[in-house]
Each structure stands twice: as structure tokens, then as C-alpha cells.
Amino acid sequence: MTRGPDRLTFRRYAAFTTGMALTLISLGIYTAATGAGLACAQQWPLCDGGVLPQSIPSFIEWFHRLWAMITGFLILGGAVWAWRARDRLTARTRYAVTLATVLTPLQAIFGAITVTLNGALPGGYSAPVHAAHFLTGFSIFALLSYTTLTAYDGRFSRDALARSRLAVGVGLGGLVVAWVLSRIDPVSSYGPPEQAAFYAVSLSAFAALLAATRWLGDLGELIPRAAAGGAGALLFVAMVLGRDLVVYSAAVRFVNWLVLAVAVALAAGAAWALRGVEPDVERPVYGSTDD
Ligand code: HEM
């Protein structure tokens with residue numbers, strides 16, 4: 001019996017949901033950077049005394065919430081799908097999407113506290129709440145990326161070496177663009193569009209480096225693997241430094257510069273090390289999924 005269009009598979013659904021989460025985080029960053037965080041007259045779930053926003057800043061915040069609601073339901077749908085198709089998906093895939101689903105209501109609560117629940121929570125709009133909202137959002141994205149990666153196991157058209165090279169290349173390219181857009185570079189004014197773009201590019205590069213780290217582990221290429229993993233970890237530190245969670249002094253700016261420079265060097269080193277690696281047809285492939 002056909003259960004739906006053949007093109008709609010769990011892995012494609014997971015990839016789409018991950019893209020929605022990436023866009024959502026970028027929209028959240030844009031909301032914060034434009035100073036629209038409290039624009040809905042400090043109301044939630046309403047906005048400006050009603051369902052619809054009444055000004056441009058309110059619209060920016062409202063749109064972030066709307067996107068969050070759609071993405072939240074998609075994440076929940078992913079968990080339901082993963083458990084219904086549990087005989088065709090690995091436990092890692094199921095648990096990763098389930099954890100993302102558990103974190104999503106928590107994230108909505110942090111968002112609601114950020115807008116101070118109709119002004120009822122003094123101190124809701126504060127650095128610790130912003131930090132929690134950012135870190136939980138990042139965790140949801142990382143878990144969805146992992147869900148997608150594991151759901152694609154055994155379904156790739158390229159071998160693990162070609163994929164790893166591609167992923168390291170995407171990670172390296174993304175790191176360079178992120179550097180240009182980042183808070184440290186004089187090229188970027190780090191205004192709202194640059195901030196939103198910095199996080200969109202950084203999250204894409206992070207996902208690519210996560211994929212490279214996983215596939216290089218399968219290949220037993222431990223040094224490039226450590227380099228790709230290290231670059232991804234440093235990119236995360238750069239993303240944290242891109243928010244106003246610590247006072248952005250000259251010393252912190254230098255640390256930010258150093259973190260990105262070492263991340264680029266590590267990704268470039270991984271790409272260089274992979275140049276000489278020969279493909280090995282005997283290398284193991286993950287068990288495939290039917291969904
Ligand atoms: C899965 C759901 C969500 C994700 C992944 C997400 C992600 C983010 C991120 C990454 C930021 C930027 C934080 C920063 O500046 O460091 C942000 C900002 C914000 N989010 Fe969300 N968000 C979600 C849901 C919500 C919800 C449901 C609300 C409202 C109830 C909300 C309200 C806000 C507000 C007001 C800001 C701006 C904060 C500021 O002005 O600094 N978010 N969001």
C-alpha cells in the first residue's frame with residue numbers, strides 16, 4: 001500500500017525542517033539586532049493587543065514567532081514520524097529528533113520570558129534569558145542536523161571520502177564568508193542583515209563540519225576528523241561571541257579573531273590532509289534506511 005508520495009521521505013523532511021530551523025535562528029538574530037525584541041508591546045502570545053502586529057518592529061518579532069510555531073510543529077511531526085517508522089530508522093535518528101522536540105517547548109518558554117509575558121516578569125528581557133534562548137536554539141539546530149545526517153546513512157550517491165572532501169570544502173568556504181561577515185572584520189558593519197547572514201552562513205558551515213567529522217570517523221581518518229571537529233567547535237565559540245553575552249572589549253575582539261583564524265586554519269588543514277587520501281572500496285558503509 002502506498003502511504004504517500006515517494007518523494008516525501010523522512011530524510012527529506014528532516015533536511016527541510018533543519019533548513020526551517022536555520023532560517024528561524026537567523027530571523028531571531030535579526031529580531032534582536034533590530035531591537036524589535038519587545039516590539040509586540042511586551043505581549044505574548046498576543047501582539048500589540050491583538051493577533052496581528054501593528055508596526056514594522058512588531059511585525060519583525062511576530063514573524064519570528066510565526067516561523068517558530070510552524071517550525072515547532074514540523075519538529076514535532078518529525079518525532080512522530082521517526083517513532084512510527086522506528087523499524088526503518090536508527091535509534092540515533094529517533095533520539096536526536098525526540099530531544100529536539102523536547103527542547104522546542106522549552107525554547108518557546110524562553111522566548112515568552114524574553115518578551116516578559118505581558119510585562120509580568122521583570123528581568124525577563126536579560127542576558128541570561130537571551131543566552132538560554134540562543135543556546136537552546138543552537139542545540140535544536142545541531143540535533144536536527146544530526147537527525148538529517150543519520151537519516152541519510154546508506155542513501156548517498158557519493159562515497160564517504162568524496163562526501164567528506166565536499167563537506168570540509170563547504171565548511172572552509174563558510175568559515176571564510178563568516179569571517180568577513182563577523183563582528184571582527186572591518187568589512188562588515190555587523191548591522192542586522194550582516195548579523196542574520198553571519199549566523200545563517202555559520203550554521204551551514206557548522207552542519208557541514210559536523211557531517212565531515214562523522215564521515216571521516218567512518219573512514220578512520222582521525223587527524224582530519226579532529227581538525228574538522230575542532231573547526232566546528234571553534235565556530236560555535238565565534239557564534240557565542242557574536243552575541244552580547246559578554247562585554248565585547250578589545251581583548252574579546254582579539255579572542256574572536258583568533259578563534260576564527262584557528263578554525264579556518266584547521267578546516268584548511270583537514271582539506272589539505274584529504275588531498276592525498278586514496279578511495280578504499282572495502283570501507284564499511286552504514287546500514288541503509290528505507291524511509
Ligand atoms: C524553536 C523556536 C525558537 C528558536 C529556535 C528561536 C531562536 C532565536 C534566536 C537564536 C534568537 C536570537 C537570540 C540572541 O540575540 O542571541 C531569538 C530571538 C528572539 N526570540 Fe526566538 N526562537 C524561538 C522561539 C521563540 C518564541 C516562541 C518567541 C516568543 C514567544 C521568541 C521570541 C524571541 C524574541 C523576542 C527575540 C529577540 C530577543 C532580543 O531582542 O534580544 N522566540 N530567537
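The values are calculated or read from the model by the stated rules, or taken from the named source; none is laboratory data. All values derive from a computational prediction rather than experimental measurement. Positions of Cβ are generated from backbone atoms using ideal geometry, with glycine treated the same way; all protein chains shown enter the neighbour counts.
Of the residues in region 233-248, how many are in a loop (DSSP other than H, G, I, E, B) and either under 16 Å from Ser204 (Cβ atoms) or among the hydroxyl-bearing types (Ser, Thr, Tyr) (or both)?
The qualifying residues number 2.
Residues that are assigned to a helix (DSSP H, G or I), of a type in the set (S, T, N, Q) and out of contact with any Ser or Thr (no Cβ under 6 Å at 6 or more places or on another chain): does region 249-272 have at least one?
Yes, there is a match, as at least one residue in region 249-272 is assigned to a helix (DSSP H, G or I), of a type in the set (S, T, N, Q) and out of contact with any Ser or Thr (no Cβ under 6 Å at 6 or more places or on another chain).
Given the conditions (1) at pLDDT 95 or above; (2) within 20 Å of Phe110 (Cα to Cα), and given that Thr17 satisfies all but one, which numbered condition is not satisfied?
Of everything listed in (1) at pLDDT 95 or above; (2) within 20 Å of Phe110 (Cα to Cα), Thr17 misses just condition (2).
Looking at the structure I just gave you, is Ile29 farther than 18 Å from Pro192 by Cβ, part of a helix (DSSP H, G or I) and under 17 Å from the mean Cα position of the chain (by Cα)?
No: the conditions fail for Ile29.
Tell me the helices (runs of 4 or more DSSP H) entirely within region 75-175 that contain at least 1 residues that are surrounded by 15 or more Cβ atoms within 10 Å (Cβ to Cβ) and away from the ligand (no atom under 14 Å from the Cβ).
It comes to 91-114, 127-151.
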